[in-house]
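Data block below; observations after.
The numbers here are math on the coordinates, done by the rules we state, and not lab data. Note that the structure is predicted; figures quoted are calculated from it, not measured. Because the Cβ atoms are built from the backbone with ideal geometry, glycine has one as well, and the counts that use them run over all protein chains shown.
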Amino acid sequence: MFDWVDKHKRWIQLGLLVLIVPSFAFFGINYYFNEYGDAGVVAKVAGTKISTQDFERALQERQQQLRQMMKDKADPALLNSNEVRNSVINALVEKRALLAHALHSGIAVPDAEVQKIVSGIPYFQDQATGKFSLSRYNEILKSQGMTPVMFEERLRQDLRVAQSRDSVVESAFVSDAVVKRLGAIRGQRRVVSEWKLSPAKEMGQVKVTDEEVKKEYDTHPENFRIPQRVRVNYIVLSPDSVAKDVKVTDQEIKAYYDAHISQYETKEERRASHILITVPKDATPEQKAKAKAKAETILAEVKKAPSTFADVARKESDDPGSAKSGGDLGFFPEGQMVKQFDEAVFSMKPGQIEGPIETQYGFHIIRLDAIKPVEKTPLAQVRSQIEEELRKPKVTKAIAEKAEQFQELVYSQSDSLKPAADALNLPIQTSDWITPNSKGNPLLSKPELLGKIFSDDAIKDKRNTEAVEVEPNTLVAAHVIDYRAASLLPFDDVKSDIREHLKVQKAVKIAAEEGRATLERLRKSGDDTALTWSAPTQVSLENPGDVPPEAARDVFSADTSKLPAYVGADSQSGNYVIYRISQVIDAPPLTKAEADELEKQIANIAAQQELDAYVQAVKAGAGVSIDTAKVDKRSEP
């Protein structure tokens, strides 16, 4: 059991961070006692109930996760969509069914295992000692409305579910024969050419009657309906709108420059050369003395004849990196070298030779070759950069100060945007026609704002919308100035477009029929000389080139025992395409590394398929019932 814990320790700790912070979502206290009637039940699983409270709490957690993933730019409509709501209830049902199955299977989690995991969670450890803190543990759980018993029971149940899942996943097996076969299929290349039959060639023979046009209009009115639309005046409070009024003085710029001068100047650098006589880490005193004596002899030699320093370094230095360049170490700033070496170099004068300097590497003879002084970037060169840096917090502060006034004015004087625009010196802008799903103007396309624009309050009562933050630090308020209800376009206005649409449909159908007939003839006769083929090209399943994925599957599933072979496919552009396979190039044998990687990929897929089948079987046996009306009920996220 503890082997399993150690193996999954990282997963457990990551998962528990999710468990700790939210409230008791997946298995609330109601799970253990079922103290509510069916009126408050969203689903029933294996004889237990998932309450409305459980569901709403889990939904809020999922919505918060989505907000964090989308950096607070998630559309409210998406957060409360049926897709999200159904994914939440399905997760709750799945987990509840797996838990019931694990309990029925007798999977147990000892107290010692739970305690081991809890004590190893960094979140519960004292930051100073790095050890588990009981007081911190109790304090954190209390802040989340939980007791240790509740939390540990939830952990125990999650461990049961995880062990149950892993028993399925870890049983997945892939044979060498399967890996070899799939490797051959994946790496095989086929040489193909293509012939296209375009619907445009058929347009001349297509006829569409007036009756067909009218029938299309009457049968599919949704295609010819204009949604409700409005034109609005709107004002925007944004960084750009307040930046023009934000001033940064010369004194502020100079003060910032002086306070951050290290950002605008280089460090002094020195260029040195050295000769190293190394000393083994386990050297005896005699070996160390011998190395030092050698270094002193070399020091005397190069001091006597400084011009020979480079030659002596090439011959005597034990530093392979610098010896070949005469001991040259290049330029470096203070603090880059080991302490003893660094202190010596930055206390010397150019041309000076010192030593022996002892470090952990041995004894050094050092020559200072040059000094590169500090270079300062003039204020004039960085003035605009500093000004922008100082402007940002001022703009943010100005927006924060004006935001409350903006919101108050558009709300309290709701019959017009002019008071807010005048007070904050904002221009009133006018939109083109927009619909409830408009995407054109990024400032007016946020679902939250569109929802307010198309509310009765804005359209019928002619009031300003509330201020909506459409981007960070950007508020927009709108006022409807013109409204058009949803309407059906008159038949006379669209009949020519419908006729053209029906002609294209018929032409595509004719092209496909002719293409399939041509394909059948090719497969029977093998004579393709009458068709104009594109240049042959090699394709594979991994790299299909210009062949669409759907057609690539047909190309690689085609019988190539007799070449050329032919397959046909409809394309998204409406063309019918025939692919001529003229050559098959087998893949080279997989290397061991490639085989191992492919085996891993296949095993992961097989494990996921087995897990999916297992989960579905468990759910099927758990007697699941879901009140979809309660799941699909819309509410503000």
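In a shell of Cβ-Cβ distance under 13 Å around Ala595, excluding Ala595 itself, what net charge do Lys and Arg (+1) and Asp and Glu (-1) give? Don't jump to the answer; show the numbers that get you there.
Values: positive: Lys180, Arg181, Arg186, Lys592, Lys600; negative: Asp176, Glu594, Asp596, Glu597, Glu599.
Charge balance near Ala595 sits at 0.
Could you list, in their original order, any pairs among Lys394/Lys418; Lys339/Lys372; Lys446/Lys503; Lys244/Lys452 whose Cα atoms are separated by more than 28 Å? Intermediate values should be presented prior to the final figure.
Numbers: Lys394/Lys418 26 Å; Lys339/Lys372 20 Å; Lys446/Lys503 38 Å; Lys244/Lys452 30 Å.
In this structure, Lys446/Lys503; Lys244/Lys452 lie more than 28 Å apart at Cα.
Using a cut-off of 16 Å between alpha-carbon atoms, which aspartates and glutamates can reach Lys304, once sequence neighbours fewer than 8 places away in the same chain are excluded?
Cross-link targets: Glu296, Glu354.
I'd like to compare 372-383, 89-100: which one has the highest average count of other Cβ atoms within 10 Å, and what's the full order after that? Don't jump to the answer; show the numbers that get you there.
Working: 372-383: 11.7, 89-100: 20.6.
Peptide ranking by packing, descending: 89-100, 372-383.
Which one of Val191, Val480, Val395 has its Cα pushed farthest toward the positive end of the charge dipole of the chain, where Lys and Arg give +1 and Asp and Glu give -1 at the Cβ?
Of the options given, the answer is Val191.
Taking the Cβ of Lys402 as the centre, find all other residues whose Cβ is under 14 Å away and add up their charges (Lys, Arg: +1; Asp, Glu: -1). Display every interim value, and only then the final one.
Details: positive: Lys244, Lys394, Lys397; negative: Asp240, Asp245, Glu401, Glu404, Glu408, Asp422, Glu469.
So the surrounding residues net to -4.
Give me the log10 of I(q) over I(0) for the chain at q = 0.12 Å⁻¹, as the Debye formula computes it from C-alpha points; what are the numbers?
Computed log10 I(q)/I(0) values: -1.19.
Taking every pair of alpha-carbon atoms in the range 87-241, what share in percent sits in each 5 Å bin, from 0 to the bin with the longest distance?
1, 6, 7, 7, 7, 7, 6, 6, 6, 8, 11, 10, 8, 5, 4, 2, 1, 0
Per the helix-only calculation at 222 nm, which mean residue ellipticity applies to the chain, given -39500 (n - 2.57) for every DSSP H run of n ≥ 4 and division by its residues, nearest 500 deg cm²/dmol? Spell out each step's value before the answer.
Values: 25 runs with 315 residues, N = 637.
Per the formula, -15500 deg cm²/dmol.
When averaged across all projection directions, what area in nm² does the alpha-carbon convex hull of the range 345-428 cover? Write down the numbers at each step before the final one.
Values: hull surface 48.0 nm².
The number I arrive at for the range 345-428 is 12.0 nm².
For the chain, return all DSSP H helices satisfying: extent of Cα atoms along own axis at least 18 Å; mean Kyte-Doolittle hydropathy at least -1.0. Spell out each step's value before the answer.
Values: long enough: 52-69 (25 Å, -1.76); 82-104 (33 Å, 0.08); 148-169 (31 Å, -0.51); 285-304 (28 Å, -0.91); 379-412 (48 Å, -0.64); 491-525 (50 Å, -0.81); 592-620 (41 Å, -0.42).
Taking the DSSP H segments of the chain (at least 18 Å long, mean hydropathy at least -1.0), we get 82-104, 148-169, 285-304, 379-412, 491-525, 592-620.
Assuming a ≥ b ≥ c are the square roots of the Cα gyration tensor eigenvalues, decide whether the range 273-336 counts as rounded (a/c under 1.5), prolate (otherwise, with a/b larger than b/c) or oblate. It would help to have the intermediate numbers written out before the result.
On the way: a/c = 1.97, a/b = 1.28, b/c = 1.54.
Verdict is oblate for the range 273-336.
Once the mean 1/r over all distinct Cα pairs of the range 266-372 is inverted, what Kirkwood radius in angstroms do you read off?
So the Kirkwood estimate lands at 13.8 Å.
Compute the Cα gyration tensor for the range 542-616, then decide on rounded, prolate or oblate, letting a ≥ b ≥ c be the square roots of its eigenvalues: rounded whenever a/c is under 1.5, prolate when a/b is larger than b/c in the other cases, and oblate in all that remain. Please report the intermediate quantities before stating the final value.
Working: a/c = 2.67, a/b = 1.50, b/c = 1.78.
Judged from the Cα gyration tensor, the range 542-616 comes out oblate (a/c at least 1.5, b/c at or above a/b).
Starting from the Cα coordinates of the range 159-207, work out the convex hull volume and express it per residue in Å³. Working shown, then result.
On the way: hull volume 10.3 nm³, N = 49.
Value for the range 159-207: 211 Å³ per residue.
Send over the semi-axes of the range 88-140's equivalent ellipsoid, whole angstrom and largest first, taken as the square roots of 5 times the C-alpha gyration tensor eigenvalues.
On the way: eigenvalues 190, 48, 12 Å².
Computed over the range 88-140, the values are 31, 15, 8 Å.
Would you grab the residues whose amide H sits under 5 Å from the one on Ala43? Only those 5+ places off in sequence or on another chain, please, with H modelled 1.01 Å from N.
The answer is Ile50, Asp627.
Can you compute the modelled spin-label distance between Phe173 and Gln505, with each label point 7 Å from Cα toward Cβ, in nm?
Those two pseudo-labels are separated by 5.5 nm.
Does the range 191-288 classify as rounded, prolate or oblate by the C-alpha gyration tensor (a ≥ b ≥ c root eigenvalues; a/c under 1.5 gives rounded; else a/b over b/c gives prolate, otherwise oblate)?
On the way: a/c = 5.14, a/b = 1.86, b/c = 2.77.
Since a/c reaches 1.5 but b/c is at least a/b, the shape of the range 191-288 is classed as oblate.
Using a 7 Å offset from the Cα along the Cα-to-Cβ direction at both Ala606 and Gln360, what is the distance between the two label points in nm, to one decimal?
4.9
How many angstrom separate the Cα center of the range 96-133 from the Cα center of the range 566-603?
Between the Cα centres of the range 96-133 and the range 566-603 lies a distance of 47 Å.
If N is the number of residues in the range 513-579, what value comes out of its Cα radius of gyration divided by 2.2 N^0.38 Å?
Details: Rg = 11.9 Å, N = 67, 2.2 N^0.38 = 10.9 Å.
Rounded to two decimals, the normalised Rg is 1.10.
Rounded to the nearest angstrom and ordered from largest down, what semi-axes does the equivalent ellipsoid of the range 578-637 get from its C-alpha gyration tensor (root of 5λ)?
Values: eigenvalues 396, 86, 37 Å².
Computed over the range 578-637, the values are 44, 21, 14 Å.
Find the Cα radius of gyration of the range 450-495, compare it with 2.2 N^0.38 Å by division, and give the number to two decimals. Let's see the in-between values first.
Working: Rg = 15.2 Å, N = 46, 2.2 N^0.38 = 9.4 Å.
Relative to the 2.2 N^0.38 Å estimate, the range 450-495 comes out at 1.61.
Once the other residues with Cβ under 13 Å from the Cβ of Val577 are scored (Lys, Arg +1; Asp, Glu -1), what is the net sum? Each step should come with its number before you reach the end.
On the way: positive: Lys196, Arg516, Arg580; negative: Glu194, Glu514, Asp546, Glu550, Asp554, Asp570.
Overall, the nearby charge balance is -3.
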